[in-house]
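Heads up: the structure comes next, in structure tokens.
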Amino acid sequence: MLGRILKRLGHRPWFAAAARRVVRLDRWLQRRSKGRIVPINAAGVNTLLLTTTGRRSGQPRSQPLLFVRDGEDFIVIGSNWGQAHHPAWTANLLADPRCSITWKNRELPATAELVCDGERARLLEVLTTSWPAYRTYQERAAGREIRIFRLRGI
């Protein structure tokens, strides 16, 4: 029930602004609990905590993200709530595709691959089935193509 309501509200501009604040709390709780406490999952969506290496700082950077599975792989999207710029974590993955995923209380090493062409269209359909507002975010993104990544376990 809550998941359906949030999926409908996800298209609203005010929702994206509010959700950015909730993500900060979610990230903090996931890091502190090592993935045991994931408030966003209560909304009926699947989330993971992605840790990349900052391309300028060299420091670990963590971001909670919605995901879908494609076989054994995790698929994530850099929607940035429809903002005009790409989220920093996507640039971090382009600079260094090595990352880690915290999911279901486990930390998994992975590598990221930018998804292109026909596979991109197929995975975007799967992602929008999970979170329909991704279509709205693409419209709001000022013409930038939202990046999609395949995360493969090592």
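Testing the spin-label approximation: label points 7 Å from Cα along Cα→Cβ at residue 57 and residue 145. State their distance in nm.
3.0
All other residues with a Cβ under 14 Å from the Cβ of residue 122 taken together, and with Lys, Arg as +1 and Asp, Glu as -1, what is their net charge? Mind showing how you got there, number by number?
Numbers: positive: 69, 120, 150; negative: 70, 73, 117, 119, 125.
Once positives and negatives cancel, what remains is -2.
Which shape class applies to region 50-154: rounded if a/c is under 1.5, otherwise prolate when a/b exceeds b/c and oblate if not, where a ≥ b ≥ c are the square roots of the Cα gyration tensor eigenvalues? Before the final figure, lay out the partial values.
Details: a/c = 1.76, a/b = 1.25, b/c = 1.40.
Cα axes put region 50-154 in the oblate bin.
Using a cut-off of 13 Å between beta-carbons, work out the net charge of the residues near residue 148 (Lys and Arg +1, Asp and Glu -1, residue 148 not included).
Working: positive: 120, 122, 144, 147, 150; negative: 70, 73, 113, 117, 119, 125, 145.
Value of the local net charge: -2.
Every number in this text was worked out from the coordinates using simple rules, so none of it is lab data. Given the structure is predicted, the values throughout are model-derived calculations rather than measurements. Reconstructed Cβ throughout: ideal geometry from the backbone, glycine too, with neighbour counts over all protein chains shown.
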